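Structure record follows, encoded as structure tokens.
The values are calculated or read from the model by the stated rules, or taken from the named source; none is laboratory data. The shown structure was predicted, so the numbers you read here are calculated from the model rather than taken from an experiment. Neighbour counts run over all protein chains shown; Cβ positions are idealised from the backbone, glycine included.
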């Protein structure tokens, strides 16, 4: 019973489990693209689903060694873009929002390209708890819409319309519920890295497996 209590206590640490249906996106486009600032809030509320991007260590094979080769870290890469789906209103306001942003980047009448620093923006994605409070999140730096998906119509389709948007970004960082960027120094240390580690036993747990925490 003590093992079960410990499992429940550990499971409920750090605000409990993350529920993937509780999230929020904060999208703010350039003012020159959408001059009605309420459109940012309106569009952010219409998000159906989104993706928190990951990180990938780019590696290279070390072939200068005598014997088996191995992979070495060479650099850091991110996903090329983040995919989001938005509910579509009958007036297609969400689609127009991103069309305005894209047309600001590349002018359709003159074919002039806007300066990079003028059209990229920061996008914040938050994990919410059961009270819809922001707990943690991720910040996409230098973000802008790369692709605006098509809309498919069908006579036998009675579902609410959606549009897909691919947002390109340069990098991302973790943030807390207040939007403050979190670094490794902000994570509380639970153990002293210089302290000797206790040898773990292999006692049988109440569930029949090995209990390595004893």
### Filtered residues of segment 48-57 (kept if surrounded by 11 or more Cβ atoms within 10 Å (Cβ to Cβ) and either assigned to a strand (DSSP E or B) or more than 16 Å from the chain's Cα centre (by Cα) (or both))
48, 49, 50, 56, 57
### Task
Could you grab me the full set of residues in segment 62-99 that are surrounded by 11 or more Cβ atoms within 10 Å (Cβ to Cβ), in a loop (DSSP other than H, G, I, E, B) and touching a strand residue (DSSP E or B) at 6+ places or on another chain (Cβ under 9 Å)?
79, 88, 92
### Query
over 20 Å from residue 171 (Cα atoms), in a strand (DSSP E or B) and in contact with a strand residue (DSSP E or B) (Cβ under 9 Å, 6 or more places away or on another chain) - does that describe any residue in segment 30-47?
yes
### Query
For segment 100-187, which fully contained strands (runs of 3 or more DSSP E) count at least 3 residues that are surrounded by 12 or more Cβ atoms within 10 Å (Cβ to Cβ), in contact (Cβ under 8 Å) with a residue 60 or more places away in the chain and out of contact with any helix residue (DSSP H, G or I) (no Cβ under 6 Å at 6 or more places or on another chain)?
121-128, 134-148, 162-168
### Task
Any chance you could count how many residues in segment 5-19 are part of a loop (DSSP other than H, G, I, E, B) and free of Cβ contacts under 8 Å to residues at least 40 places away in the same chain?
4
#### Entry: Matching residues, segment 20-34, being at pLDDT 95 or above and exposed (fewer than 14 other Cβ atoms within 10 Å of the Cβ)
31, 32
